[in-house]
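First comes the structure, then the notes that go with it.
The values are calculated or read from the model by the stated rules, or taken from the named source; none is laboratory data. Being a predicted model, the structure only gives us computed values, none of them experimental. Cβ coordinates were reconstructed from backbone atoms using ideal geometry, including for glycine residues, and neighbour counts include every protein chain displayed. Keep in mind that these areas ignore ligands, DNA and RNA; they rest on the heavy atoms of the full protein, side chains included. Shrake-Rupley method; radii C 1.70, N 1.55, O 1.52, S 1.80 Å.
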Amino acid sequence: MYVCLCNAISDKTIRDAVRRYQPQSIQHLRQLVPVGKQCGKCIRATREILDEELQNV
Ligand code: FES
């Protein structure tokens, strides 16, 4: 499922980046994956995925 339509980034892409690099903040995650660089509507969903994945570590 696409989370960021502007940049065609899926939840799988975000989850893979979180699992691999363990970013501890949305800012760090955004350096790894270009989410939220345009309209910003995907930031909230991205944060939820980040929190979910970090809890599963
Ligand atoms: Fe991600 Fe627009 S949906 S920047």
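Listing for the model above:
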{"read-out": "Matching residues, region 1-17, being within 14 Å of the ligand (Cβ to nearest atom) and surrounded by 12 or more Cβ atoms within 10 Å (Cβ to Cβ)", "value": "Tyr2, Val3, Cys4, Cys6, Asn7, Ile9, Ser10, Asp11, Thr13, Ile14"}
{"read-out": "Set Gln27, Gln38: member being assigned to a helix (DSSP H, G or I) and within 16 Å of the ligand (Cβ to nearest atom)", "value": "Gln27"}
{"read-out": "Matching entry among Arg20, Arg44 (being within 14 Å of the ligand (Cβ to nearest atom) and open to solvent by 80 Å² or more (accessible area, probe 1.4 Å))", "value": "Arg44"}
{"read-out": "Residue list for region 12-57, filter: β-branched (Val, Ile, Thr), without any contact (Cβ under 8 Å) to a residue 40 or more places away in the chain and closer than 18 Å to Met1 by Cα", "value": "Thr13, Ile14, Val18, Val33, Val35, Ile43"}
